[in-house]
Structure formats: structure tokens, C-alpha cells
Amino acid sequence: MKMGVDYYPEHWDRSMWEQDANLMRETGVSLIRVAEFAWSRLEPEEGRYEFGWLDDAIDVFYKYGIQVVIGTPSCTPPNWLVDRFPDVLPRDAMLNPRYPGIRGHRCYNSPSMRFFSTKIVEKLASHYAIHPAVIGWQIDNEFSLNECHCENCNNRFRDWLSKKYGTLEALNQDWGTVVWSGEYSSWEQITTPFGGTKFRNPSFLLDWKRFETDSVVEFQQSQLSILRKYCPDHFVTHNIWSYPMSLDYYKLCEDLDFASLDYYPGTSPEKSVSGGYNGALTLDLTRGIKRQNFWIMETISGPPGCWFPMWRTPQPGFIRAFAWQCIARGADTLVHFRWRSAPFGAEQFWHGLIDHSNVPGRRFEEYRMLCDEVNRLSPVLAGSEVLGEAAVLHSHDLYNALEIQPQAEGMDYFDNLKLYHRALTKSGILTDVVNTTDDLDKYRLIVAPSLYLMDEKLADQLKNCVNNGATLILTNRTGVKNMSNVCWIQALPGLLAEAAGVTVGEYDPVGNDVHTIRMLDGKTYSCSQWCDILEPAGAETVAWYEDDFYAGKSAVTVHSYGKGKVYYMGIVAEESFYLNLFGKAAEEAGLTRFTGLPEGVQISIRRKGNSKYLFLLNLTQKQQTVELKGTYRSLLHEMSVGPDVILDPYAVEIVELDEQFGEISIAATV
């Protein structure tokens, strides 16, 4: 495990480099990331490369035992490139170029952009291939879909479609272009979605998103191939930056050594608790990209501020606590953004560990403490991993399809994913978040939110899991369409109707209207967004509607199928409903659970061989108490803790579990 910072030597006088390197070494920093925005300094004119300044900087940090990750600079095409080769700039849906002024102003399919990007990457890779300080590369910075409509993108889109469908007849059939006389009689008639209107064929729009992802992947691959050729002993990664995201991160990271994440938890006091749960989902999603540990390539060091008003400053303990949250959920290296606040440029007020005063303060001392802890525990935690027993399924295709055609007022795929994951996290259920196409055989509880797009392969995999003893939880809007974004002509939930033992007789997109359901035990819960009116066909009803014309009809069912069970939830309910249902399902499935967690307190387990390390994190501004059923050795404090563990605001505890850890219960004390 390593602690690092993002550092930009070109921003600082040379006299500061050695001072910074020395202070980093004293603080416990062993890694810097450099150069991802430095193209104009690395190649100030076409074909004139100036790496001397970067050589000098890297040599200084190497002298102090600090390793280096180099970012390829293709996120920031320099002005000479944009001026001489205007095809570099992406064009919007009205065919207007997007002019520079902020990073990311490049078309992934521009021949000029690809040529000059690969050229400078080749120069950098060959130059730094054997430098002893350089250990790896970050390609570009925070990829997203540019949705460019230039001539190059139009031509490549047609080629992409031609390869996928073979013939226009097949494309017309799969997209259903017969509607509104949308049939194509030549490939040249197909364009990117000019004009920006939403009134487009949804199959066309989903393929457009897929093409855009493939364009980014191909752009990245051109650099990756060069780095693999010249630097076979270096790792290569990319720093993803946000969820939800139209860009398919699973495809983007498939050929990389590991995924990296830029993680900025919200600092507002009123969002501190919810932000911790949202962050847990983001971290679990990142771990699920390659189903392995990952890096944090940027994270919070002070109040962010840029083209928006500054956030609140991180409270005492905040930076440390959220860094440990990252490690608890699978991060192996933490790189904080940035070492020192920039005196110029768009990110002047995206604060670093050291403020403009250049005087280390409270936040820096907290970071120093964090470095000491991580470096001290690195030999113990290195090589450990996070292994969930439950899985939540996620898909960029599903997100895009449901963004193209919103299903009901207030109904959002990713917000509902947050709801389900938050309930699992609060229930102390160890959870992975994985792609719908991943192998799911090891999971005993699978939560599958709105499998709106469904094919036989996914349906068969889920049925096999249930047949072998898993519990599957399905939600409304399951099995609506095939993977071409065309509706199945069959009763919902389509290909999973038999396994679920239920069909949807009718549905009501209730949006923001509030309805009530009643459980078997008489408890009632509110629901909104959507109401599937269910017709059990072998399934048992576990919740009924209390109101509207479908009062008394089934809202939630459970069906025994093979050795397992399938729950079907026709509603989107309040959080307490999921705490109840998921807790019961996890207990029936025999999952490890840590019950009674106080609000805002999270747990995770990292495992290495027979060793298990339990992380307790209080991500709130108030003192919390948890009760362990026994006493355990604290890795942080090298003493026994428990049964009562008092966690101050933003406190962290890490304990080594014994072989009976599966029997542990954590109960909140009042």
C-alpha cells in the first residue's frame, strides 16, 4: 500500500521541488502523479519535445525515494494543435465546434488527435521506460462521452453499425425503423443524432451510446498498445471519475491492469451521512469493474471549488475517515489531490493539502497521521481483498436505456440502485456491485435492479443461480426489452416470469404519488414511482396494495425455484421496507450480517488467507457506540477493544477477527 499526492512541478518554481520532496518523505508520501495536463510544456511546438524539466523534477523526487506515475497528456490538446488541426475539436449536435478553454476538448475519432496523441505517448514511453522512479502510467484523465457529431464520427459510426448488423435490412429490423417512416435505404442516410432532439428511435440512441464508448476505448487502446510495447514492466490504469456514467467503465478498464477512481465525498454537514453511503456505492462499483482491488488517483484534501462555489471545508477527521473508507472497500493506494493549492488557473480554489499560504495546517497534520497509519499497517493489509457475499447488479446499458426513455416521474435507475445498496450497507451485509454480465455463481443473495434490457443469456444465468440455492431479488421494469432496446411481446417480467412465479397483469407509473403497501406481519410502508399489479402464478404474496383501484392486489411476492427463491418487488418503497426485506432474505440465505449498525457507521472486511480485518467507520459528526460480541485486537491502536467501541466523529477502528467471525453481531447501544 502507498500514500501519494498529485503534483505538478511545472506550476512551481524549481527551488520548491526539493523542499516539497523532502517534506513528502518526512510525511510518509511515497508516490506522485505528474504531467497529465502538461502537453504544452512537453511539446511546446509540433515536433519539438522538451522533457528536460520533467526529467529534473523526477530526478529530485527519486532522490527522496518517491516513485512516479506519469499521466499521458491527451486530455489537454495544446493551442498549437487546435489551431493547426481544427478537426481535433468535437462538434455539438448543431455542428458547432466546442472551443478550448477547459480540458477535454478533443474528438476521440479525430485523425489528427489520434496521430498527435500516440506520437507524444510514444516519445514519453520510450524516454521514461527505464527510469527507476517511474512505475506506471495513467492514460488521459477522466474519460467521458464527448458525443461528437463531426464528419469523422459520422463515418466511423456508419462503419461501426455496418460491422454490427452486416446489412441495412438487419439494422432496420432490429431498430424497428418502420415506425414514423424511419427506414434506411443507404448507409449514408444514417447520421449521428443531429439537432439534439429527444424524439429519436430508442434503439438508435442506445447504439449511439455504445459506439461512443467504443470510440473512447479505441482511443485509449492506441495509447495502451504503445505503453505495453515500451514499458512492459510498468502498470497502466485510468482514473474514472463519476457515477452514474454513460461511458461503459467495464469496457474501458477491461485491458488495464487495474481501475483507478477520483473520489470526492461531499463535505456539507447536512449531506455527511448520505454522502458516506453514496461513496460506499461508488467504491463498491469501482471494485466491481475488474472484480479486484483498485487505486484512488484523486481524493479530497480541502474544500473543492472551481466553476462552482466552494464546498464546506472538511471537518476534523473527515479526510482520514474517508481515506480509510476507500481502503476498507478495496483501495490499495491513495493519491490525494493535490499537494498544494494552485495560485492560478481554473482550479485555484480546489484546495490541496497545503493552502496558498504554503504553511502546513490542520488538514496537513491529519494527512500526516493518515500516512503514518497506512504505512504502518501496509505489511498487514497488503494482499488482502474485499469479498462480498451479496451482489447488486449494475449496467451502463441499463442506465443509458432508462435515460433515453424515463419510465415515470421521479424514477431514476441510479437513485434506486443507491437505495438498495444503502439498505444492504446499513444492514451490515457484505456486498459487491458487479456487471450484469459477470459470473454470479458465488453469491447467495443477488439484487437485480430494473433489468429493463434482458436476453436469454442473462435470464439463464440468474435462473441457474437460483436453481443452485441463491436468493434473487427482482424489481419492477424487469424483462421489458431485448438488448436492441425493443420491447418483448410477452408478459412481464418476461424471460424470468417462470422463475419469479408471477406476471405483471397491469402497471401504474404513479410517479411522485404516494401509495401504501401492507406486509404479512401487518406493517405498512409507503411507495411511489411505480406499481406493478401482480398476478401470482405459484409465488406467495408477501405484500399487498392498500389503496387505489388495485387495493388488495399483490405488490411483492416470493417464489421457491429449484433450491433457491425469487422475490419480485413491483414497487419502489421507503428505505425501511428494504431494511426489513433484505435482512430477512440475507438471514434465510445464511449470509454473514452485522446487525444494529448506528446511522452513518459502516463496516467492511478485508481478507488475506485465513486472516480477516474488520473496519468500523463512523462517517458522521457525532459520537457513536457499537457493541462487539467479544473483544478483538485493534490494528490501529495495538490493544484490545470491545465489547463496547466508542467512535468519536469520523473515527476509525480496525480489528482482527478470529475464526468465529461469522457469528459476530454488532448491536447499537442507546
Open item on the list: I need the calculated FRET efficiency for the pair GLU26 and GLU50, taking r as the beta carbon distance and R₀ as 35 Å, to the nearest 0.05.
Closed with: 0.65
TODO: Please state the charge dipole magnitude for the chain, taken about the Cα centre, from unit charges on C-beta atoms (+1 on K and R, -1 on D and E), reported in debye and rounded to the nearest 20.
DONE: 700
Open item on the list: Using the Cα centre of region 102-193 as the reference point, and only Cβ charges (+1 on K/R, -1 on D/E), how large is the resulting charge dipole? Debye, rounded to the nearest 20.
Closed with: 440
- [ ] Kindly put VAL178, VAL216 in sequence by how many other C-beta atoms sit within 10 Å of each C-beta, fewest to most.
- [x] VAL178, VAL216
TODO: Could you calculate, for the chain, the ratio of the Cα radius of gyration to the Kirkwood radius, expressed as Rg to Rh?
DONE: 0.98
Task: Cα coordinate range in region 515-569, projected on the principal axes (Å, largest first) - done: 35, 20, 18
TODO: Report the paramagnetic label zone for TRP180: residues of region 195-229 whose backbone N is under 12 Å from a point 7 Å from Cα along the Cα-to-Cβ axis.
DONE: 196-205
Task: Bins of 5 Å, starting at 0 and running to the largest distance - Cα pair percent for region 429-479 - done: 5, 20, 33, 29, 11, 2
Open item on the list: Give me the Å³ per residue figure for the convex hull around the C-alpha atoms of region 163-248.
Closed with: 140
Task: Magnitude of the charge dipole, region 601-668, Cβ model with Lys/Arg +1 and Asp/Glu -1, debye to 20 - done: 260
Open item on the list: Could you tell me which residue out of LEU247, PHE322, GLN292 lies farthest along the dipole of region 232-346 toward its positive end? Charges go on the beta carbon: Lys and Arg +1, Asp and Glu -1, centred on the Cα centre.
Closed with: PHE322
TODO: Putting +1 on Lys and Arg Cβ atoms and -1 on Asp and Glu Cβ atoms, find which of LEU458, THR436, ASN416 reaches farthest to the positive end of the dipole of region 402-458.
DONE: ASN416
Task: Alpha-carbon radius of gyration plus Dmax, which is the widest Cα pair, for region 394-503 in Å - done: 13.6, 40
Task: Those lysines that a straight Cα-Cα span of less than 18 Å connects to LYS164, excepting residues fewer than 8 apart in one chain - done: LYS209, LYS251
TODO: Please compute the Cα-Cα pair-distance distribution of region 222-321 with 10 Å bins starting at 0, giving whole percents from short to long.
DONE: 14, 39, 29, 15, 3
Task: Residues CYS153, CYS253, sorted so that the one with the fewest Cβ neighbours within 10 Å comes first - done: CYS253, CYS153
Task: Relative contact order for the chain, counting Cα pairs under 8 Å that sit 6 or more residues apart, in percent - done: 11
TODO: For region 126-197, count the residues as N, evaluate 2.2 N^0.38 Å, and divide the Cα radius of gyration by that value, please.
DONE: 1.77
TODO: Could you pull out the pairs from LYS229/LYS457; LYS457/LYS565; LYS418/LYS565; LYS271/LYS463 whose alpha carbons sit more than 31 Å apart here?
DONE: LYS229/LYS457; LYS271/LYS463
Task: Extended-chain gain in nm, criterion 0.36 nm per residue less alpha-carbon gap, ARG98 and MET310 - done: 73.7 nm
Open item on the list: Can you find, among SER112, THR541, LEU334, the residue sitting farthest towards the positive end of the charge dipole of the chain, where Lys and Arg contribute +1 and Asp and Glu -1 at Cβ?
Closed with: LEU334
Task: Share antiparallel - DSSP beta bridges, the chain, percent rounded to 5 - done: 55
- [ ] Just report the Cα centroid separation between region 417-473 and region 170-248, whole Å.
- [x] 27
- [ ] Please work out the Cα center distance from region 527-559 to region 362-416, rounded to the nearest Å.
- [x] 33
TODO: Return, for the Cα atoms of region 440-585, the radius of gyration and Dmax in Å, separated by a comma.
DONE: 14.4, 42
TODO: Would you mind calculating the gained length between SER242 and SER378 on full extension (0.36 nm times residue separation, minus the Cα-Cα distance), in nm to one decimal?
DONE: 46.2 nm
Task: Calculated SAXS-style log₁₀ I(q)/I(0) at q = 0.15, 0.23 Å⁻¹ - region 601-668, Debye, Cα scatterers - done: -0.43, -1.02
Task: region 276-313 residues near the modelled GLN348 label - backbone nitrogen below 17 Å, point 7 Å along Cα→Cβ - done: 303-311
- [ ] Take MET94, MET297 and order them by how many other Cβ atoms sit within 10 Å, fewest up front.
- [x] MET94, MET297
Open item on the list: Restricting to DSSP H runs of at least four residues, report the calculated mean residue ellipticity at 222 nm for the chain, -39500 (n - 2.57) per run over all residues, nearest 500 deg cm²/dmol.
Closed with: -10000 deg cm²/dmol
Task: Gain in span if fully extended, SER40 to ARG362, counting 0.36 nm per residue against the direct Cα distance - done: 112.4 nm
Task: Förster radius 30 Å - calculated FRET efficiency between LEU579 and ASP547, Cβ distance, rounded to 0.05 - done: 0.85
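Just so you know, all these numbers are worked out from the coordinates, no wet-lab data involved. Owing to the predicted nature of the structure, the values given are computational and were not obtained by experimental measurement. Positions of Cβ are generated from backbone atoms using ideal geometry, with glycine treated the same way; all protein chains shown enter the neighbour counts.
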